[in-house]
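Colleague: I have a structure I would like to understand better, so I am pasting it below and will then ask my questions one at a time.
Laboratory data are not the source of any read-out in this text; all were calculated from the coordinates shown. Here the structure is a predicted model, which means the values were calculated and not measured. With ideal geometry, Cβ positions are generated from the backbone for all residues, glycine too; neighbour counts draw on all protein chains shown.
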Amino acid sequence: MSDTGATEHLQLRTCPLCEGMCGIEVRHRDGEVISIRPDRNNVISRGHICPKGTTLGELHHSPDRLRGPLIKENGAWREVDWETALRRCAELIQPIREQYGNGVIAAYAGNMIAKSFDLVRYVGNFFGLAGIRQIYGSSTVDQHPKNLTCMLMYGDMWHIAIPDIDRTDLIVMMGGNPSASKGSIFSHQDVMGAIRSLRERGGRAVVIDPVETGTAQRAGEWLPIVPGADAALLLAIVHVLFEEGRVKLGDLDGKVNGVDAVREASKDFTPEAAAAFCDIPAETIRTLAREISDAPSAAIYGRIGTCTQRFGTLASWLTDVVAILTGNMGSPGGMMFSTQVASHLDLAPPYPSDAPLISHHSRVSGKPAVLGLLPSGTLAEEIDTPGEGKIRGLITIGANPVLSAPGADRLEKALPQLDFFIAFDSYVNESTVHADVILPSPSPLEQAHWDVWAWPWCLSSGGHYSPPLFPHEGMEEWRAVLTVAALLSGQPFQAIDTNAMDDNYFASMCTVLGLDPAKILPLAPKHGAERILELAIRGGRYGDRYGEREGLTLDDFKAHPHGMLVGKAEPGVPLRTKSGKIELAPQYVLDDLPRLRSAMTEKRADTYLVSRRTLRSMNSWMNNVHTLSKGPERCTLLIHPEDAAGLGIGENDSVEVQNGENMIVVPAEITPHIKRGIVSIPHGWGHDRPGSRLSIAEKKPGVNANRLNPAELLDVPSGNAVVNGVPVTLRKHDLPGAPAREAALESQV
Ligand SMILES: Nc1nc2c(c(=O)[nH]1)N[C@H]1C(S)=C(S)[C@@H](COP(=O)(O)OP(=O)(O)OC[C@H]3O[C@@H](n4cnc5c(=O)[nH]c(N)nc54)[C@H](O)[C@@H]3O)O[C@H]1N2
Ligand SMILES: Nc1nc2c(c(=O)[nH]1)N[C@H]1C(S)=C(S)[C@@H](COP(=O)(O)OP(=O)(O)OC[C@H]3O[C@@H](n4cnc5c(=O)[nH]c(N)nc54)[C@H](O)[C@@H]3O)O[C@H]1N2
Ligand code: SF4
Ligand SMILES: [Mo]
């Protein structure tokens, strides 16, 4: 008992912020978080944690976090109750719908839809019901090329292979930096520890990246590459595999279509042809090809640096091609696929495998909507270009595109031109400041949690259920989401019955699992996300199918607050292709090769800008946490000492980084851990926009690198943004008052 008389409580839960799935112990008293520490007995994370996980209490208690909805009236915010806020949404949506139809309404889904207990389960349903086609999202500034190639190769955009790092002999990591990000589309308790163990057992890790990241330093082998050149490097590796008779499909023999087409496609991509473009010697490329081929097992992992670049689709395809051709796909120590306890992605696929690859094209620049998503960078031009079909209404869901999407300046100018903007978000930030209504989520500690977005990429199968810690006073988020969906579909406000909508949705998911909704609905009467989780568990591969057989239920997980592991990934490649085989050479992907060939003859720019993450940030929105914002400036320009010297840039100087009309001023951080001719700025900064309510972030605003990344620069086949490898020019900034770095340095790589 404390001196206030209140009892201290302890709750075990999972940090929801990234794919690390860290178990935490939250001590709290009287509605106040006292401390957050790692849960050493958590079966998944076994005591691992990062600085962000300890700050969930700070997030929860932050005065900037919205507790109730806001509506804007005559330019001023007013706090209102949920009914008033949703009625306001109805008033905004209805006239636009009636006059122009739904074609002028867009939605933008951000990263946080994957982390929220309700949003992750209901956003797909929202899109299905709302009847809007102008769908944007952070996926097209992220993994969309991988989704595309997995759809084409395996018949499912979410069948993404994971490196079996604990058993491999050689891991090649391209464009991912788990030392900062913790690992992405790759959930592992401790990737850095796994690299150490790999080296201790005589294996090797090679990091291919323009920056000698913390991961590269841990790996001990860094292969610096020119950004955007990964596809050429990988094609040259493929070339060597064929040339030297090293192709061996192993267990996949007879299960792969298109091997000859890949041989043909790689013919002219000799190591000598790729060397200059990648700035990697031909002999090094040959050696790497041989090492991958000779290793008893090898894992080829490509992440965001291989996606958000000019040849994201080709690079994403080729990492898998190399794994397949060397017998490392679906095999232990290579790249493997998870088997999940509760596969929400199978229950409600965000984009069905049998839907057309390209559903339509954008109005202004004719860009394809690939797997249902238009390129994020095209949103601004769709809003600010007059004409029939111009976007007039926008819904954002857990997204901050003014900081996270390329072409940021134009988007920021376009948002105030909307007739309405409704944001599901918990802050007034750089994007939502332009909204008419903000509908806030419960804080992470007011929500239940289960890592829908991490288990699909974890080679251990299991689960961890976290109940809500604090009560949430507002409307359940799934109800708000379904209400707005119903309004968009044309239902009058008073006729909306979210319980009935939820039952329909639930029934459709029962059917997907071959369960009879008439039998299950009476067993699961409580509406909302938790019964969907229960359905996913009980109807899944380890579940009891509601009593049809022995198996797991949600209660089993509730009884195991440290989590439960129940199985492991199995060898093999799960396929949903029409042929029932892996499609190694999709024509849609091969059609992009001429673009690569022609880029290989272009003159290289003097300087390219790449992105990075820092351990203490989470995209754009955790910079508002005091504990994380402490210490030296993190929004810096990494630059090689010789490049800096050539420009007369010294420590404590700031640099003007320019692309076309756009220029930002960033403090320099001179480091030998970056390739010459490359500079790196973290994304998610630029918290200096008028009107936003981020009282901590605005004290150290940093700059928005996406002001330099042009919206029109795309990985053409997928429409994914290019935020790595953008040519820039540099100049020392001489004006007084420039942001200078604090002297105390902390490694930023
Ligand atoms: N230059 C450059 N740009 C990039 C990247 C890069 O590497 N370089 N990376 C890209 C990637 S991978 C991603 S995923 C995107 C991220 O892009 P976004 O998803 O647009 O940006 P976030 O900063 O993740 O924004 C999350 C938003 O969700 C809100 N939020 C937080 N918690 C909740 C919640 O529980 N519910 C709701 N409704 N909202 C919540 C936050 O306030 C914030 O507005 O950025 C992309 N942009
Ligand atoms: N601390 C923290 N963790 C996060 C996030 C965060 O913001 N902060 N964001 C989360 C999200 S949404 C995501 S998607 C993941 C992303 O997780 P990661 O994919 O690990 O992302 P980054 O740490 O940005 O590492 C990308 C690397 O790609 C390199 N790179 C850039 N261009 C190229 C190129 O052309 N080729 C190659 N080979 N490399 C290149 C960059 O130098 C950088 O080192 O992280 C997640 N985890
Ligand atoms: S942010 Fe990721 S790595 Fe950090 S504590 Fe949370 S889950 Fe773990
Ligand atoms: Mo992301």
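Colleague: Any idea what the relative contact order of the stretch 9-61 is, in percent, if you count C-alpha pairs under 8 Å spaced at least 6 apart?
Modeller: For the stretch 9-61, the relative contact order is 31 percent.
Colleague: Another question, if that's okay. Treating the beta-carbon of each Lys and Arg as +1 and of each Asp and Glu as -1, no other charges, what is the dipole magnitude of the chain about its Cα centre, to the nearest 20 debye? Walk me through the numbers before you get to the answer.
Modeller: Numbers: 72 positive and 89 negative charges, 90 e Å.
For the chain, the charge dipole is close to 440 debye.
Colleague: Determine which lysines satisfy two conditions relative to Lys700: a Cα distance under 25 Å, and not lying fewer than 8 residues away in the same chain.
Modeller: Lys52, Lys182, Lys413, Lys630, Lys732
Colleague: Report the per residue volume, in Å³, of the convex hull enclosing the C-alpha atoms of the stretch 271-403.
Modeller: Values: hull volume 24.9 nm³, N = 133.
Dividing the Cα hull volume of the stretch 271-403 by its residue count gives 188 Å³.
Colleague: State the Cα centre-to-centre distance between the stretch 415-466 and the stretch 226-302 in whole Å.
Modeller: 40 Å
Colleague: On to the next question. For Val428, what residues show an amide H to amide H distance below 5 Å, using hydrogens built from the backbone and excluding near sequence neighbours?
Modeller: Here the answer is Arg693, since their amide H atoms fall under 5 Å of that of Val428.
Colleague: Check the straight Cα-Cα distances from Lys248 and name the lysines below 17 Å, setting aside those fewer than 8 residues away within the same chain.
Modeller: Hits, sequence-local ones excluded: Lys581.
Colleague: List the relative contact order of the chain as a percent without decimals, with contacts defined as Cα pairs under 8 Å and 6+ residues apart.
Modeller: Across the chain, relative contact order equals 19 percent.
Colleague: Taking every DSSP beta bridge with both residues inside the chain, roughly what % is antiparallel (nearest 5)?
Modeller: Percent antiparallel among DSSP bridges in the chain is about 55.
Colleague: Here's something else I'd like to know. Express in whole angstrom the spacing between the alpha-carbon centres of the stretch 52-93 and the stretch 139-198.
Modeller: 36 Å
Colleague: Show log10 I(q)/I(0) for the stretch 605-746 at q = 0.14, 0.20 Å⁻¹, two decimals, from a solvent-free Debye sum over equal Cα scatterers.
Modeller: -0.65, -1.29
Colleague: Using DSSP to define loop residues, name the GluC sites (Glu not before Pro) in the stretch 458-528 whose beta-carbon has at most 15 other beta-carbon atoms within 10 Å.
Modeller: Counting only loop positions with at most 15 other Cβ atoms within 10 Å, the GluC sites (Glu not before Pro) in the stretch 458-528 are Glu473.
Colleague: Against the 2.2 N^0.38 Å scaling, with N counting residues, where does the stretch 9-61 land? I'd like the Cα-based Rg ratio to two decimal places.
Modeller: My calculation over the Cα atoms of the stretch 9-61 gives 1.04.
Colleague: Let me ask you something else. How would you rank 320-326, 665-671, 248-254, 523-529, highest first, on the average number of other Cβ atoms within 10 Å across their residues?
Modeller: 320-326, 665-671, 523-529, 248-254
Colleague: What is the dipole size for the stretch 40-106, taken about its Cα centre, with +1 at each Lys and Arg Cβ and -1 at each Asp and Glu Cβ, in debye to the nearest 20?
Modeller: So the dipole magnitude of the stretch 40-106 works out to roughly 420 debye.
Colleague: Label Glu388 and Ser508 with points 7 Å out from Cα along Cα→Cβ: what is the distance between them in nm?
Modeller: 3.0 nm
Colleague: Could you rank the peptides 38-44, 209-215 by their average count of other C-beta atoms within 10 Å per residue, with the highest value first?
Modeller: The packing order, highest mean first, is 209-215, 38-44.
Colleague: Moving on. Suppose only helical runs count, i.e. DSSP H with n ≥ 4. What mean residue ellipticity at 222 nm does that imply for the chain under -39500 (n - 2.57) per run, divided by all residues and rounded to the nearest 500 deg cm²/dmol?
Modeller: -8000 deg cm²/dmol
Colleague: Quickly rank 641-653, 362-374, 694-706 as a protection proxy: mean count of other C-beta atoms within 10 Å, highest first.
Modeller: Details: 641-653: 15.5, 362-374: 19.9, 694-706: 21.6.
Those peptides, ordered most packed to least, come out 694-706, 362-374, 641-653.
Colleague: Taking the alpha carbon gyration tensor of the stretch 105-195, what are the square roots of 5 times its eigenvalues, largest first, to the nearest whole Å?
Modeller: Numbers: eigenvalues 180, 49, 28 Å².
Sorted largest first and rounded, they come to 30, 16, 12 Å.
Colleague: Here is a further query. Which value in nm describes the separation of the simple spin-label points at Thr627 and Asn499, placed 7 Å from the Cα toward the beta carbon?
Modeller: Once both label points are built, they end up 4.1 nm from each other.
Colleague: Could you list Cys22, Cys307, Cys150 in order of exposure, starting from the residue whose Cβ has the fewest other Cβ atoms within 10 Å?
Modeller: So the residues, fewest neighbours to most, are Cys150, Cys22, Cys307.
Colleague: Computed on alpha carbon atoms, what radius of gyration and Dmax characterise the chain, expressed in Å?
Modeller: 25.0, 77
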